[in-house]
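One structure is given here, and the rest of the page talks about it.
The values are calculated or read from the model by the stated rules, or taken from the named source; none is laboratory data. Just so it is clear, the structure is predicted and the values come from calculations on it, not from any experiment. Note: ideal-geometry Cβ built from the backbone for every residue, glycine included; neighbour counts use all protein chains shown.
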Amino acid sequence: MPKNTFFNLPQEKRNRIINAAIEEFSKVHYKKVTIDSIVNSAGVPKGSFYQYFHNKDDLYKYLFSQIVDQKKQALVKVKKLQNQLSFRQYVMTLLEQGKKFEQRVSNLSALKDKFMNECSQEVKRDILKNEIPKSYEVLEEAVEFYIKKGELRQDLDVKTAAYVITSCFVNIQDFRLSEEQAVEDVLIDILDVLIVGMK
């Protein structure tokens, strides 16, 4: 995570560094991204980079932390719809909002693709360990709400349910799609299977 000096910078300068990093990490192979390329693009001296971050991995982890936090804020706004939607509808709405958020964030699709295929296992593990629980929190709140609403069974373990749903959705890229299957349809099928076990 960034050093305190980073947070003392003017917002405009922080944004320049973050945007330059997103641009580099989304276009260049992870191993080939250099601090030189990031600071040159951001227009900041190389020496000052180390006053803000420990290294390239530190900056990369921070990028994902910020993106996941912003996505979580977008998803939390859907909470006001809980009374109007079934659990299935609510989770599908969360997925739709997540997709819309990702479409709005410049280069996020390329950044995610490079994260999955080029990032070192150690850095990937650290990011997933820190960021996936934020998704659990959103789903835990939803599961608790729908248990109280009577739609999900009373003895359902909230943490387990949130973990299983999140794990299935996060790892959807491992699902072997047939040519006629769309990812969205598979997600609906997975959710339907899980809901049967939760009712």
Taking LEU111, is it touching a residue at least 60 places away in the same chain (Cβ under 8 Å), crowded, with 16+ Cβ neighbours inside 10 Å and in a loop (DSSP other than H, G, I, E, B)? no
Within region 86-102, residues being in a helix (DSSP H, G or I), surrounded by 13 or more Cβ atoms within 10 Å (Cβ to Cβ) and either over 13 Å from the mean Cα position of the chain (by Cα) or of a type in the set (Gly, Ala, Ser) (or both) number 7
Candidate set: region 116-152, residues that are in a loop (DSSP other than H, G, I, E, B) and out of contact with any helix residue (DSSP H, G or I) (no Cβ under 7 Å at 6 or more places or on another chain); chosen: the one modelled with the lowest pLDDT: SER120
Number of positions in region 158-181 that are free of Cβ contacts under 8 Å to residues at least 60 places away in the same chain and either of a type in the set (Gly, Ala, Ser) or part of a helix (DSSP H, G or I) (or both): 15
Which one of these does ASP155 not meet: (1) part of a helix (DSSP H, G or I); (2) farther than 30 Å from LEU59 by Cβ; (3) out of contact with any helix residue (DSSP H, G or I) (no Cβ under 8 Å at 6 or more places or on another chain)? (1)
Tell me whether region 4-14 contains one or more residues that are of a type outside the set (D, E, K, R) and under 20 Å from ARG125 (Cα atoms). no
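With the condition being on the phi < 0 side of the Ramachandran plot and touching a residue at least 40 places away in the same chain (Cβ under 8 Å), I'd like the helices (runs of 4 or more DSSP H) fully within region 25-85 carrying at least 1 qualifying residues. Spell out the reasoning first.
Working: elements: 35-42, 46-52, 56-76.
Fully inside region 25-85 and qualifying: 46-52, 56-76.
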Restricting region 182-192 to residues that are part of a helix (DSSP H, G or I) and not charged (D, E, K, R), which is nearest to ASN117 (Cα to Cα)? VAL183
Select from region 5-35 the residues that are under 16 Å from LEU108 (Cβ atoms) and hydroxyl-bearing (Ser, Thr, Tyr) and write down the one among them that is nearest to the chain's Cα centre (by Cα). SER26
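Working carefully through the options LEU152, LEU177, find the one that is surrounded by 11 or more Cβ atoms within 10 Å (Cβ to Cβ), among the aliphatic types (A, V, I, L, M), closer than 30 Å to VAL28 by Cβ and more than 21 Å from the chain's Cα centre (by Cα). Walk me through how you get there before you give the answer.
On the way: LEU152 fails: closer than 30 Å to VAL28 by Cβ.
Exactly one residue qualifies, and that residue is LEU177.
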